[in-house]
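Just below is one structure, and these are the notes that go with it.
The values are calculated or read from the model by the stated rules, or taken from the named source; none is laboratory data. Everything quoted here is computed from the prediction, not taken from an experiment. Because the Cβ atoms are built from the backbone with ideal geometry, glycine has one as well, and the counts that use them run over all protein chains shown. Surface areas here come from the heavy atoms of the whole protein model, side chains and all, with no ligands, DNA or RNA. Shrake-Rupley method; radii C 1.70, N 1.55, O 1.52, S 1.80 Å.
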Amino acid sequence: MSASAPRANPGHPWDALSDYFDTTGNEEEIPAGAADNILIAWPAIFRCLDAAEPPLSGGRALDFGCGTGSFAHALHERGFRVTGMDVSAAMIARARAAYGDEVEFLVGDGSTLADRPTYALIASVMALQFVPEIEALVTRFAVALEPGGRLVFAVHNPAFFRGDVLRFQGGVEIPIFIRTADGYHALARDAGLAPVFEEYPPFTEAFLERYPVYAGRDAPEYLVLGYEKP
């Protein structure tokens, strides 16, 4: 796929949200809806990666649904050779501008994996819940993983969010497909992947002090799952 500048589409819902989810600038300006990924979901994903034996770092990694690239860059800093992939051209344009010297960024979806190399790690932060045909995608992930590689991702905890549409600023609405851990486990096993990690990371006191909009919630926001390819 060409590395030329991707063309954003103002009518594409994720292109319309590229400004809100831009985490490449001053961390003090990151809104709560993006900061929770970084401060709550990322540490759980890193715990899953750190538990892998042998270590995965140094291998190829894919950040699927990478948005504006901050998590892909964090993987790069951990020693991975990283590709970030997202359906939003506007998100990819921001990612390339911020981290393109260190990370490869592509506009693409699950079908793009057929033309790519295999990976020691496939990670995804709050993207899989927006994929309707999740069975086909998990199968593609399994094919794209190297033996011993891991698939690790964060999605909404079903106890935290039970709707079927996520509503954002500016009237942007995106269908969401909330699935349980058991549902993902079944999909992964059917694709030949073994469950190795399940965590519901809670909001920390420091996070709630900084972002009180999340205070008083009865359940953790995230479900973080990890799988290994035998």
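Considering only segment 148-165, I want to know if a residue exists there that is in contact with a Ser or Thr (Cβ under 8 Å, 6 or more places away or on another chain) and in a helix (DSSP H, G or I).
no
How many residues, within segment 81-95, are in contact (Cβ under 8 Å) with a residue 40 or more places away in the chain and either at positive phi or open to solvent by 50 Å² or more (accessible area, probe 1.4 Å) (or both)?
2
Please name all residue pairs, on different chains or six or more residues apart, with Cβ atoms under 6 Å, provided the first residue is in segment 35-62 and is under 30 Å from residue 210 (Cβ atoms) and the second residue is open to solvent by 60 Å² or more (accessible area, probe 1.4 Å) and not in a helix (DSSP H, G or I).
57/78
What is the one condition in (1) touching a Gly at 6+ places or on another chain (Cβ under 9 Å); (2) of a type in the set (A, V, I, L, M, F, W, C); (3) buried (at least 19 other Cβ atoms within 10 Å of the Cβ) that residue 193 does not satisfy?
Failed condition: (1).
Mind checking which residues of segment 179-218 are assigned to a loop (DSSP other than H, G, I, E, B), farther than 30 Å from residue 138 by Cα and of a type in the set (A, V, I, L, M, F, W, C)?
Across segment 179-218, the qualifying residue is only 215.
Would it be correct to say that residue 220 is open to solvent by 30 Å² or more (accessible area, probe 1.4 Å), under 20 Å from residue 33 (Cα atoms) and at pLDDT 95 or above?
Here the answer is yes, as residue 220 does meet what is asked.
When segment 187-206 is examined, which residues are found to be of a type in the set (A, V, I, L, M, F, W, C) and within 20 Å of the chain's Cα centre (by Cα)?
187, 188, 191, 193, 194, 196, 197, 203
Exactly one of (1) open to solvent by less than 10 Å² (accessible area, probe 1.4 Å); (2) part of a helix (DSSP H, G or I) is unmet by residue 98. Its number?
Residue 98 satisfies all of (1) open to solvent by less than 10 Å² (accessible area, probe 1.4 Å); (2) part of a helix (DSSP H, G or I) except (1).
For (1) in a loop (DSSP other than H, G, I, E, B); (2) modelled with pLDDT under 90; (3) buried (at least 19 other Cβ atoms within 10 Å of the Cβ), each residue gets a yes or a no:
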| residue | (1), (2), (3) |
| --- | --- |
| 28 | no, yes, no |
| 35 | no, no, no |
| 40 | no, no, yes |
| 56 | yes, no, yes |
| 79 | yes, no, no |
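What number of residues in segment 169-184 are without any contact (Cβ under 8 Å) to a residue 12 or more places away in the chain and open to solvent by less than 70 Å² (accessible area, probe 1.4 Å)?
2
Quick one: count up the residues across segment 14-26 that are of a type in the set (A, V, I, L, M) and either surrounded by 21 or more Cβ atoms within 10 Å (Cβ to Cβ) or closer than 18 Å to residue 203 by Cα (or both).
Selection size over segment 14-26: 1.
Could you say whether any residue in segment 101-115 is touching a Lys or Arg at 6+ places or on another chain (Cβ under 7 Å) and open to solvent by 20 Å² or more (accessible area, probe 1.4 Å)?
No, that holds for no residue.
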